[in-house]
Amino acid sequence: MNGALPLRVMVEDVWDEVLLELAPETAVGEIKRQALALTRVKGDPAHYVLKYRGAELLDESQTVASSGLVPNGALIVMARRRRPVR
């Protein structure tokens, strides 16, 4: 991909990091969907949030270019609701 932005995405459910290279016009929600699929997490993407620099990316229809992500930026996909510790 020419002009692709490399990103590192940690999926909290499996504590695994995936590397993605996405076109600048890709929707932010696609980052979450691809990361969950690559780590084989079966949950509904709507039950997860995508965070960048500690803040949730609320508008998942926003593009990678317009969201302020930087090359090799680190993101995290985590459950929307906290799970109880047993």
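Can you find even one residue in the range 52-64 that is aromatic (Phe, Trp, Tyr) and in contact (Cβ under 8 Å) with a residue 12 or more places away in the chain? Please lay out each step first, then the result.
As a first pass, look at the range 52-64 and keep what is aromatic (Phe, Trp, Tyr): 52.
Checking the rest, the ones that are also in contact (Cβ under 8 Å) with a residue 12 or more places away in the chain come to 52.
Checking the range 52-64: at least one residue is aromatic (Phe, Trp, Tyr) and in contact (Cβ under 8 Å) with a residue 12 or more places away in the chain.
Restrict the check to the range 67-76 and report whether at least one residue is in a strand (DSSP E or B) and modelled with pLDDT under 95. Walk me through it before giving the result.
Filtering the range 67-76 for residues in a strand (DSSP E or B) gives 73-76.
Keeping just the survivors that are modelled with pLDDT under 95 gives 73.
Taking every residue of the range 67-76 in turn, at least one turns out to be in a strand (DSSP E or B) and modelled with pLDDT under 95.
Inside the range 16-40, can you point out the residues that are part of a loop (DSSP other than H, G, I, E, B) and either more than 27 Å from residue 83 (Cα to Cα) or modelled with pLDDT under 95 (or both)?
The initial filter retains those residues of the range 16-40 that are part of a loop (DSSP other than H, G, I, E, B), namely 23-26, 39-40.
Those that are part of a loop (DSSP other than H, G, I, E, B) and either more than 27 Å from residue 83 (Cα to Cα) or modelled with pLDDT under 95 (or both): 23, 24, 25, 26.
Can you tell me which residue within the range 25-70, out of those that are in contact with a Ser or Thr (Cβ under 8 Å, 6 or more places away or on another chain) and surrounded by 14 or more Cβ atoms within 10 Å (Cβ to Cβ), is farthest from residue 6 (Cα to Cα)?
57
Quick check: is even one residue across the range 3-18 open to solvent by 60 Å² or more (accessible area, probe 1.4 Å), at negative phi and of a type in the set (A, V, I, L, M)?
Taking every residue of the range 3-18 in turn, at least one turns out to be open to solvent by 60 Å² or more (accessible area, probe 1.4 Å), at negative phi and of a type in the set (A, V, I, L, M).
The values are calculated or read from the model by the stated rules, or taken from the named source; none is laboratory data. All figures in this text were calculated on a predicted structure; none of them were measured in a lab. Here Cβ is always computed from backbone atoms with ideal geometry, including for glycine, and neighbour counts include all displayed protein chains. Calculation scope for accessible area: heavy atoms of the full protein, side chains included, ligands and nucleic acids excluded. Shrake-Rupley method; radii C 1.70, N 1.55, O 1.52, S 1.80 Å.
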